[in-house]
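In what follows, a structure is listed as structure tokens, so that the remarks can point back to it.
Here, each number is a calculation from the coordinates, and none is a lab measurement. Everything numeric here is computed off the predicted structure, so don't read it as measured data. All Cβ positions, even for glycine, are placed from backbone atoms using ideal geometry, and neighbour counts span all protein chains on display.
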Amino acid sequence: MSVPLLATNALLATNAASCRLVAFSKPFYKGAIITADPLFNNHRGKIIAAAKNNNIPAIYQWREFANDGDLISYGPNLTVAYTLAGIYAG
């Protein structure tokens, strides 16, 4: 079974009213892998909403995306990691 892979940059179109993930509006996308990026983490809710509104399953780097209601993540929980780092640092 072969699955075509299209690598693209996720473009965030921002204006005063909203932020939307432009790449999710393309009809040929069947899924998304969202990698670790501070911009994506800052706009987490909007990215999750764009994926849900366009019926695109997505997997994310950070656990917070899954905690906020999307499908799945494959990475650590940043909140726990920062808490443990603070404990270790004293």
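Taking the criterion of being of a type in the set (Gly, Ala, Ser) and touching a strand residue (DSSP E or B) at 6+ places or on another chain (Cβ under 8 Å), the residues of the range 38-89 that qualify are Ala50, Ala51, Ala58, Ala66, Ser73, Gly75. Of all residues in the range 43-72, those that are more than 9 Å from the chain's Cα centre (by Cα) and in a strand (DSSP E or B) total 1.
Within the range 65-84, the set of residues being more than 19 Å from Gly31 (Cα to Cα) and either surrounded by 14 or more Cβ atoms within 10 Å (Cβ to Cβ) or of a type in the set (A, V, I, L, M) (or both) comprises Asn77, Leu78, Val80, Ala81, Leu84.
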